[in-house]
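Reviewing the structure listed below.
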Amino acid sequence: MWDSPRLANATANALYALALALITYAGALVLAESPAFSLKTIVVGGELRHVARGEIVGALQGRVKGTFFTVDLEAVRTLFEGIPWVRRAELRRGWPDRLEVRIEEHVALARWGQRRELRLVNTHGELFRGQSDVTLPVFSGPTGSEGEVTQRYLVFRSLLAPLALEPSQVLLSSRLAWQLRLSNGLAVQLGRDSDKDRVDERLARLVSVYPQTLGESRHRLDYVDLRYPNGFSMRVPQARKSETQKPVPKRV
């Protein structure tokens, strides 16, 4: 078999190629691990209002391993996204010795649960941990319902805009019943969605008659129950009893 010059030449060429590949690979490893390419700078960009430089340094100190070539970008991204108020971090290498990071912060829309829980909901309906001194509406609901509560809040806020009112609290009970507290202190019981009558339709009916009914009341009202097909009941705090309004006709 080895008497064939063609086969011998092919075998020798293959061995040379393998040796060259191994040498190249070993050289690349040495180059990749060379101190000459150690990371010296991390450049952070983005509109930062809540994330402080000290938090970034504390989160990364001693945890970023490797060189320009070997650093694990996914691991570093995870470190950044573990910092309070950081929603997303995008990383790329900057030749020859730096990482470039662009941070997207959470934009707080509401508080979740009690103030002491330090949990906030962002404008994407995502729950995150953080502190804020800004006056925010309060959301509450079953675990995992943050997105749904956020979507409904936006619908309710839009429906109430003609009255210059906003929801200051949005509560979804374990039985999936909705309750609001408005910026004027009025509690609104919306109940549950049904195939024939959704809660946003009930609120829309209230808004349509509010100027001629509750808006003209001489008494300060603290509670309205909309769980009726064509009307609502209300409670005057001085009397502490319900007064039933005439049914409000549905509008097409």
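The values are calculated or read from the model by the stated rules, or taken from the named source; none is laboratory data. Please read these numbers as outputs of a predicted model, since none were measured by experiment. Cβ placement follows ideal geometry from the backbone for every residue including glycine, while neighbour counts extend to all protein chains displayed. We work out accessible area using only protein heavy atoms, side chains counted, and drop any ligands, DNA or RNA first. Shrake-Rupley method; radii C 1.70, N 1.55, O 1.52, S 1.80 Å.
Cβ-Cβ contacts under 8 Å between residues 6 or more apart (or on different chains), taken from a first residue in the stretch 118-129 that is at positive phi and hydrophobic (A, V, I, L, M, F, W, C) to a second residue that is assigned to a loop (DSSP other than H, G, I, E, B) and surrounded by fewer than 17 Cβ atoms within 10 Å (Cβ to Cβ), are listed as Leu118/Gly130; Leu118/Gln131. Residues that are free of Cβ contacts under 8 Å to residues at least 40 places away in the same chain, closer than 22 Å to Arg119 by Cα and not in a helix (DSSP H, G or I) within the stretch 66-86 comprise Gly82, Ile83, Val86, listed in sequence order. Annotation: of all residues in the stretch 57-92 being open to solvent by 40 Å² or more (accessible area, probe 1.4 Å) and polar (S, T, N, Q), the one that is farthest from Ala108 (Cα to Cα) is Thr70. The set of residues in the stretch 99-124 being within 30 Å of Thr41 (Cβ to Cβ) and open to solvent by 60 Å² or more (accessible area, probe 1.4 Å) consists of Arg102, Glu104, Val107. Of note, Val43 does not satisfy the criterion of being part of a helix (DSSP H, G or I) and surrounded by fewer than 17 Cβ atoms within 10 Å (Cβ to Cβ).
The residue pairs whose first member lies in the stretch 156-172 and is among the acidic types (Asp, Glu), whose second member is open to solvent by less than 80 Å² (accessible area, probe 1.4 Å), and whose beta carbons are closer than 8 Å, counting only pairs six or more residues apart or on different chains, are Glu166/Pro137; Glu166/Leu160; Glu166/Leu182; Glu166/Ser183. Where residues in the stretch 136-152 are of a type in the set (Ser, Thr, Tyr) and part of a loop (DSSP other than H, G, I, E, B), which of them is surrounded by the most Cβ atoms within 10 Å (Cβ to Cβ)? That would be Ser145. The condition of being among the polar types (S, T, N, Q), closer than 30 Å to Pro211 by Cβ and more than 18 Å from the chain's Cα centre (by Cα) holds for only one of Ser174, Ser140, Ser168, that being Ser168.
Hey, any hits in the stretch 77-99 for a residue that's among the β-branched types (Val, Ile, Thr), more than 30 Å from Thr150 (Cα to Cα) and modelled with pLDDT of 85 or more? Scanning the stretch 77-99 turns up no residue that is among the β-branched types (Val, Ile, Thr), more than 30 Å from Thr150 (Cα to Cα) and modelled with pLDDT of 85 or more.
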